[in-house]
């Protein structure tokens, strides 16, 4: 397949603001894709060359990419930099400058998808002395044969700024239509993806084995399972009603959620975003080797930073020191962690995601050897709101965020990648109106004035609607940002900037600048109100109105541990709004 065919589709996808049209274009593209490279086409389309859990990234900085453009185009460095400053998009710079190429390269030929992919692989795998020079030379070689349009997309891919707006879930829709007989097969495709976290692998199985092959995909050591997520409520009584009157209640630790894969003496640690974080936690590897008794296992835990002197739990932010690339042993010494295991998904060849929670908990108790820094999450069984409240206050008192309430019974299986009422968060901040914080996604910005001139004055924030796979706006936030935040936000958001409203964003506001939904921030407000402008919960409470956060403020927390799809959901906002109404009704008038 010629690379130009792929970029023709990229151009069409980039131009659309309709998710339906985007899906239809993907169906066309996948239908024309040779089966032997369909996984590669899928990876490239989401701006990757491998799934995130491999830890192999292209890692080409703009400065390096501009050097390659300079060499391939024959233009002066100063002119290349000026064009980049003017256009702000390295892909557009490459497209424009390669149109001015003074002569056709001697060995110029039509690029294939396979050739481009293999070159990108070499760039990603180039490490050690001379790696930067090798990356530039490979890139220059590609650009020598690329048309201007092909160059635009090659440069965007290598710098991590493809910005087509295509998400994994959109590709699953297209695969279900093409290889599953229609969107009704989407559930099978989504489960396969949730068990493997590898969209390219799912596409490969779909084209070679069809729907039956997709249904037969199994959980595997080394491929992270997408985590099960919780809903939230603000009343113990409501929570008990939702879970059927009886539940298990666990501490909700303020730590880093980990999915740990063990096979013999080998241990891999994945974050909640399926990133391989093993190198940050060599002490956790050792703890697991010593304390997990199964030969093969996939377990989930919270790693909590602890005070060396007292053993008391510290806030999640302390774990940010573990992100260091250097002096990791110093970070281990200064910021030790304790592990609290709360679930097990696989043991010695047995898939436990289809087993009820009680059974999973019993197995967890058998295979985890309790020690000074390794334990199970503290939990109680209860059928009373008083018991739930008492345990909740106990959890808060020892430094936890609150509790997670989990349903019992045959239906209480592990729903990989899903958010539902089997697990419900009950946190200390949920006690009145919007004292609770929400995690929202930046989707747009508004230019600042006065002291904020030249910076962003406010950001357009959105929740996540998992049913429609879109991000509807919920507020415009300009408060809570420090001068440092205002200085660094434009550079943080630069890599997300796009030229029109993203196809997955719904709003009645017209932002000055639009972004691909990527950065998650923690927001707090006074209350949730009805809005004729914002689209979260549109038409649910009242016709032609959505939900908005009144007096929103940034708390200072950048939720880099969360993907956009992990943001607060529309249903959670609706529940919070309804809870407010109940409190207002229940409060006697003065």
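The values are calculated or read from the model by the stated rules, or taken from the named source; none is laboratory data. Nothing here was measured: the structure is a model prediction, and the numbers come from that model. Backbone-built Cβ (ideal geometry, glycine too); neighbour counts: all protein chains shown.
So here's what we get for this one:
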{"quantity": "Residue check for residue 545: surrounded by fewer than 16 Cβ atoms within 10 Å (Cβ to Cβ) and more than 17 Å from residue 440 (Cβ to Cβ)", "calculated": "no"}
{"quantity": "Set 470, 477, 441: member being assigned by TED's automatic domain parsing to the domain that holds residue 539 and more than 17 Å from the chain's Cα centre (by Cα)", "calculated": "477"}
{"quantity": "Condition broken by residue 176, with the remaining ones in (1) buried (at least 22 other Cβ atoms within 10 Å of the Cβ); (2) touching a residue at least 40 places away in the same chain (Cβ under 8 Å); (3) under 25 Å from residue 516 (Cα atoms) satisfied", "calculated": "(2)"}
{"quantity": "Any hit, the stretch 503-519, residues being assigned to a helix (DSSP H, G or I) and either over 19 Å from residue 558 (Cα atoms) or in contact (Cβ under 8 Å) with a residue 12 or more places away in the chain (or both)", "calculated": "no"}
{"quantity": "Every pair of residues 6+ apart whose Cβ atoms lie under 6 Å, when the first sits in the stretch 543-561 and is not assigned by TED's automatic domain parsing to the domain that holds residue 508 while the second is modelled with pLDDT under 90 and exposed (fewer than 15 other Cβ atoms within 10 Å of the Cβ)", "calculated": "none"}
{"quantity": "Residue, surrounded by the fewest Cβ atoms within 10 Å (Cβ to Cβ), within the stretch 211-266, restricted to residues that are part of a helix (DSSP H, G or I) and touching a strand residue (DSSP E or B) at 6+ places or on another chain (Cβ under 8 Å)", "calculated": "242"}
{"quantity": "Criterion violated by residue 416 - all others in (1) in a helix (DSSP H, G or I); (2) at pLDDT 90 or above; (3) in contact with a helix residue (DSSP H, G or I) (Cβ under 9 Å, 6 or more places away or on another chain) satisfied", "calculated": "(1)"}
{"quantity": "Residue match in the stretch 267-278 (condition: modelled with pLDDT of 90 or more, within 20 Å of the chain's Cα centre (by Cα) and part of a helix (DSSP H, G or I))", "calculated": "yes"}
{"quantity": "Counted residues, the stretch 525-537 - those being in contact (Cβ under 8 Å) with a residue 60 or more places away in the chain and buried (at least 20 other Cβ atoms within 10 Å of the Cβ)", "calculated": "6"}
{"quantity": "Filter result for residue 173 (in a helix (DSSP H, G or I) and assigned by TED's automatic domain parsing to the domain that holds residue 383)", "calculated": "no"}
{"quantity": "Verdict on residue 294 being assigned by TED's automatic domain parsing to the domain that holds residue 409 and assigned to a strand (DSSP E or B)", "calculated": "no"}
{"quantity": "Leading residue by the ranking (surrounded by the fewest Cβ atoms within 10 Å (Cβ to Cβ)) among those in the stretch 473-502 that are out of contact with any helix residue (DSSP H, G or I) (no Cβ under 8 Å at 6 or more places or on another chain) and in a strand (DSSP E or B)", "calculated": "497"}
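Every residue, every condition in (1) modelled with pLDDT under 95; (2) in a helix (DSSP H, G or I); (3) surrounded by fewer than 19 Cβ atoms within 10 Å (Cβ to Cβ), yes or no:
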{"residue": "11", "(1), (2), (3)": "yes, yes, yes"}
{"residue": "14", "(1), (2), (3)": "yes, yes, no"}
{"residue": "22", "(1), (2), (3)": "yes, yes, no"}
{"residue": "38", "(1), (2), (3)": "no, yes, no"}
{"residue": "49", "(1), (2), (3)": "yes, no, no"}
{"residue": "59", "(1), (2), (3)": "yes, no, yes"}
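Residues checked against (1) over 24 Å from residue 14 (Cβ atoms); (2) in contact with a strand residue (DSSP E or B) (Cβ under 7 Å, 6 or more places away or on another chain):
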| site | (1), (2) |
| --- | --- |
| 465 | no, yes |
| 492 | no, no |
| 501 | no, yes |
| 515 | no, yes |
| 518 | no, no |
| 527 | yes, yes |
